[in-house]
1. On the given criteria, is A:ARG99 part of a helix (DSSP H, G or I), in contact (Cβ under 8 Å) with a residue 12 or more places away in the chain and either over 17 Å from the mean Cα position of the chain (by Cα) or within 28 Å of A:ARG54 (Cα to Cα) (or both)?
2. With the condition kept exactly as written, say whether any residue in the range A:140-149 is in a helix (DSSP H, G or I) and either within 9 Å of chain B (Cβ to nearest Cβ) or under 23 Å from A:ALA56 (Cα atoms) (or both).
3. Here is a list of conditions, (1) farther than 22 Å from B:ARG116 by Cα; (2) within 14 Å of chain A (Cβ to nearest Cβ), and B:SER87 meets all of them except one; can you say which number that is?
4. Filtering the range B:108-126 down to residues that are part of a helix (DSSP H, G or I) and acidic (Asp, Glu), which residue is least open to solvent (accessible area, probe 1.4 Å)?
5. From the list A:VAL117, A:VAL125, A:VAL48, A:VAL87, pick out the single residue that is aliphatic (A, V, I, L, M), under 11 Å from the mean Cα position of the chain (by Cα) and at pLDDT below 85.
6. Of all residues in the range A:1-17, which are outside any loop (DSSP other than H, G, I, E, B) and at pLDDT 65 or above?
7. Would you confirm, using the coordinates I've provided, whether A:GLY152 is out of contact with any Leu (no Cβ under 9 Å at 6 or more places or on another chain) and either more than 14 Å from chain B (Cβ to nearest Cβ) or within 27 Å of A:PRO165 (Cβ to Cβ) (or both)?
8. Looking for whichever is modelled with pLDDT of 85 or more, surrounded by fewer than 24 Cβ atoms within 10 Å (Cβ to Cβ) and either more than 15 Å from the chain's Cα centre (by Cα) or closer than 18 Å to B:GLY98 by Cα (or both) here; the options are A:GLY161, A:GLY152, A:GLY180, A:GLY138. Which one fits?
Amino acid sequence: MSEQDRELEDRTLLTVLGRYVSPTRAQSILVRARRDSPALGLRGATPVTQLLARLAEGLRMFVGEADTRAAVTELTRLTATNKADSVELELRVESDIARARLAARDMCLALGTSALVIQKLATIVSELARNIVSYAGGGQLSIRQCGGGRRGVRIEARDQGGGIPNLEEILGGRYKSRSGLGLGILGTKRLADKFAIETGPGGTRVEVEVHF
Amino acid sequence: MSSYENRIPVIQLWQRIVVPLQGDVTDETAAVLVDDVLRTIRDTSAAGLVIDVTGMWTMDSHLCHVIANLAAAARLMGTPTVICGMSAPIAMTLQTMGADFRLAQTALTLEDALVRLGVTAQVTEIEPDDPTSDEDRDLG
């Protein structure tokens, strides 16, 4: 909470919000966002990201998609002294999958991306997280902004499981499982703008980029 | 932890069942849902099942698979399924992924879905809530 306060002064936030909604609404959006952010501590994203995401949700109730995104882009610029926000998650159990995709959503909201990009990223994170939890017995997932001035998000999933033996078959679309596995990896590849996978008996590493 | 907070309502109307999915549906909630819906179909011999996904913010391949399986099981019990209310971003994402929804019919809105299942609505004008009519009666 204190870190959040240092980085984001209410007064500054209200100035930006006030450009899109009335002062009273700006105030109530902020109060609600401040109140809800710490309560959702189980979500994976950092406090600042969560606050921005809640502000985006609040704004969306009063102004259109385009204005919400413009406002959030402005707010994001205030917060980050170009310090790229990132999320590191440890995935073990099924509820971690939901936590991971909500973290991805919060990050997208804070970055002011389109609804389609949010959807793509949340789905990719969900698929990768599920593979880790269901088939590798646990692993790590990181979500961060793309480097090199590229507007986009980069996701890296790592596990120390037994690897995917029939990867070729899956990526070739020839693998049809009854459990739904296969579509996860192939679907992720289809949704991603950049996709790389390494798998072996020592584990699997998937790197995905989605550009805005 | 199958408490009420993560339980999805299974609504019965005109011998049809409507299931409104909402927010973030976890694997556990989805599993409980399949159970609840199939039991309700058996208990009520429902003539149709509508799965309304209007309130969902995302849908991954696992959830698609769960819904497709539910539709297939319902069909085995003789109950057709219609999925309705899919948002444009979800539809585009699923399409890109190559998800397969052929086992269930789809409709744009809940209304369309019910029509698909043979429910026809008769809409009449609502009597206007006229405060003067009460006064008239009092006076008369």
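1. yes
2. no
3. The number of the failed condition is (1).
4. The residue in question is B:ASP112.
5. Step by step, each of A:VAL117, A:VAL125, A:VAL48, A:VAL87 is checked, and only A:VAL87 is aliphatic (A, V, I, L, M), under 11 Å from the mean Cα position of the chain (by Cα) and at pLDDT below 85.
6. Across the range A:1-17, the qualifying residues are A:ASP10, A:ARG11, A:THR12, A:LEU13, A:LEU14, A:THR15, A:VAL16, A:LEU17.
7. Yes: the conditions hold for A:GLY152.
8. So the residue among A:GLY161, A:GLY152, A:GLY180, A:GLY138 that is modelled with pLDDT of 85 or more, surrounded by fewer than 24 Cβ atoms within 10 Å (Cβ to Cβ) and either more than 15 Å from the chain's Cα centre (by Cα) or closer than 18 Å to B:GLY98 by Cα (or both) is A:GLY138.
The values are calculated or read from the model by the stated rules, or taken from the named source; none is laboratory data. Given the structure is predicted, the values throughout are model-derived calculations rather than measurements. A quick note on method: Cβ atoms are made from the backbone with ideal geometry, for glycine too, and the neighbour counts reach across all protein chains shown. Note: accessible area is taken over every heavy atom of the protein model, side chains too, but ligands, DNA and RNA are not part of it. Shrake-Rupley method; radii C 1.70, N 1.55, O 1.52, S 1.80 Å.
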